[in-house]
C-alpha cells in the first residue's frame, strides 16, 4: 500500500542518449505519476521543439510506477514528435507500462483537435459584439412582453380586489419601506449637510446667507431626495427582488406555482411592484424632511441662521409644487426598479452563478433607468415652466 | 489486513444529538466498500468526517496512513491529491465548463503544460463514458446522469488511489444506475482504486460492493460481505434485506447462481 511516508521516492526522470546519428533514445525512470511528472513534462515540452526527422526510441523498462497521467504524457509527446516528422518506437517497457498502455488504449483519442486557427480567434470580438447585440434586442422584446403581462395581470386584479395578495403587499412595504429608514436617514442627512456646506461658502461671499434656504429647499425636495432615495432602494430592494425570484426559479418554486395554477405574475410580481410604488413616495417624503434638517443644521452652525428664520424663509421661498414634483417622481422610479428587479429575477437560469450575474445587471439597469427617467422629467417639467 | 481507511471508536455529535457512538470499520486495499443504513443513520456524516469536512468529537481516523484531522501542510496536500470525492449532487463548479471542471485539479496541483492537461481531460471524459461534446458544456446544461459522470471524471483527475462516492446512483434511472455501477467496478479493476461509497441502493450492494457496513443505532450493526451481513440477526438488517425489495433481490441472486 502506498502511504505518505513511503511515497517520497524518485520523481520521474528522463535521460537523453544519442546512440547513433539521427537516433535519439529516451530512457525513462522513476515514478511517472501525476504528482512527480512536472520536471519531465517541462523538459519534453522544451526539447521537442528542437527535434525534427529523428528516430526516437523510448525505453520504459526502468520506471518504478506509472499512472494515467504519465501514460498521457508519453502519448502526448509521441503525437507531437510524429507531427515533426519523427519516427517513434518503444524499444523496451516493463509490465506496469504495458498494463497501463493497454488499459488507456480504448479511451485515448487517436487525434486531438489542435485548437482553433488564428483567424478564428481574431473574429471572436466581432462574434461577441454580434451576440450581445442580439441578446440586447431579445432582452428588450422580453422586457416589453413582461411589462405588458404585468400590466394586464394588474388590471385584471383590479376587478377582483379580494383576490389580491394583501399579505405579501404589506410584507414588501415593511421590507422595502420601513426597514430602509435608517439608511435613508443617513444618506439624506449627509446630502443635506453637503449641499448646505458647499452652498454656504459661495453664498457668504455675496452676503446672501439667507438664500441657502431656497437652495436647500428646492434642490433637496425636487431633485436630490427622490434621486438618492431611488438609488438606495434600487441597490437595496431591486437586488433583493432579483435574488428572491432567482432563487425561487432555481429551486423550481416558480414552476411549481405555474403547474398549480398560481400565476407568478399575480402572486409575486404585481404585489412587489405595487408595494414599492407605495413605499418609495413615503420614503422620499421622509428623505425630504431629513435632508432639509441636515441643511438647517449647517445653516445654523455655519451661517448663523436661526431655526425660526430658516423655517420662515422656507415657507415663503419654496413653492409647494417643488415638493409635489419630487413626490410625484416616486411611483415612476419605484415602478422601474420593481419591474427591472422582478424581470431579471425571472430570467435567472438554473445555475447558481446566474443569480449573481442577474442581480448585478438588475441594479445597474434600474439605477440607469432611474437617472434617465429623472432627466426626462427635468426636461419635460422645465419646458412646462413648472 | 492492513486498512486503507481505518475508523476506530468514532464519536460524532451535533449539539445534543449523538450521531455516532463508537463507530469502527476498516476498508482494505482495492475494495469497493459500502456504507449502508436508513435515512438519518449518519452515513453521509461518517463520510464527511472521514474526508475532513466535519470534526469528530472522539475516536481515530486514518486514511492512507494519515489522520485527516492532524496534518501538516505537505501531508494535507498529499492526501488531497490522492483521494477523489464524488458528491451526491455532483458539486460541479457551475461557472466552469465540464472540461475546466475536470482540468482544475490538474492545473492547480501540477505544473504540466496546458495542452497535455487538455489531452488528459479528454481522456477522462472518454473514460467515464461522456460524449466528446460534453467538454464544452456548463453543468446546468447536463442531464443528471451526465453530471454524475462529469463529477466522477473530476474526482479521477489526479489519478487518486482512493475514491469516495456519496450516493453515486441516487437520482439515476435503473439503467443509468447499473451502467454507473459497472463503470465504477471497471475503474476499480483497471486502475486499482479503493472505493468507499455511501449508498442505500440495494442493487449496488448486491452487485458491485465487496464488503459493507450497515449503520444503525449510532453504531455499525454489521460489517462484512453480503452473506456475512445477511446472516446477522439484528433488526435493522432484517428490515433491509428481508423486506419486500430485499427478498426480491436475494431471490434473484440465488436464481442467478
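Annotations
- For region B:190-204, the tally of residues that are at pLDDT below 85 and under 25 Å from residue B:64 (Cβ atoms) stands at 4.
- Of the helices (runs of 4 or more DSSP H) lying entirely inside region A:35-148, those containing at least 1 residues that are in contact (Cβ under 8 Å) with a residue 24 or more places away in the chain, in contact with a strand residue (DSSP E or B) (Cβ under 7 Å, 6 or more places away or on another chain) and surrounded by 10 or more Cβ atoms within 10 Å (Cβ to Cβ) span A:38-47, A:68-83, A:95-104.
- All helices (runs of 4 or more DSSP H) inside region B:156-257 with 1 or more residues being closer than 26 Å to residue A:107 by Cα and assigned by TED's automatic domain parsing to the domain that holds residue B:42: B:174-191, B:202-207
- Residue in region B:204-214 that is in contact (Cβ under 8 Å) with a residue 60 or more places away in the chain, touching a helix residue (DSSP H, G or I) at 6+ places or on another chain (Cβ under 8 Å), under 16 Å from residue B:127 (Cβ atoms) and more than 14 Å from chain A (Cβ to nearest Cβ) present: no
- On inspection, residue A:340 fails the criterion of being in contact with a helix residue (DSSP H, G or I) (Cβ under 6 Å, 6 or more places away or on another chain), over 29 Å from residue A:151 (Cβ atoms) and buried (at least 21 other Cβ atoms within 10 Å of the Cβ).
- Pick from region A:1-29, criterion modelled with pLDDT of 80 or more and within 14 Å of chain B (Cβ to nearest Cβ), ranking: nearest to residue B:4 (Cα to Cα): A:11
- Looking only at region B:18-54, and only at residues there that are assigned to a loop (DSSP other than H, G, I, E, B) and free of Cβ contacts under 8 Å to residues at least 12 places away in the same chain, the one that is farthest from residue B:86 (Cα to Cα): B:40
- A single entry from A:247, A:297 fulfils the requirement of being assigned by TED's automatic domain parsing to the domain that holds residue A:336 and closer than 30 Å to residue A:163 by Cβ: A:247.
- Residues in region A:166-196 that are over 31 Å from the mean Cα position of the chain (by Cα) and either surrounded by 16 or more Cβ atoms within 10 Å (Cβ to Cβ) or outside any helix (DSSP H, G or I) (or both): A:192, A:193, A:195, A:196.
- In region B:93-120, the residues that are closer than 23 Å to residue B:185 by Cβ and either modelled with pLDDT under 90 or within 12 Å of another protein chain (Cβ to nearest Cβ) (or both): B:120
- Those helices (runs of 4 or more DSSP H) of region B:55-146 in which 3 or more residues are touching a strand residue (DSSP E or B) at 6+ places or on another chain (Cβ under 9 Å) and surrounded by 15 or more Cβ atoms within 10 Å (Cβ to Cβ) occupy B:73-81.
The values are calculated or read from the model by the stated rules, or taken from the named source; none is laboratory data. Just so it is clear, the model here is predicted, and its values are computed rather than measured. Heads up, the Cβs are rebuilt from the backbone with ideal geometry, glycines too, and the neighbour counts pull from every protein chain shown.
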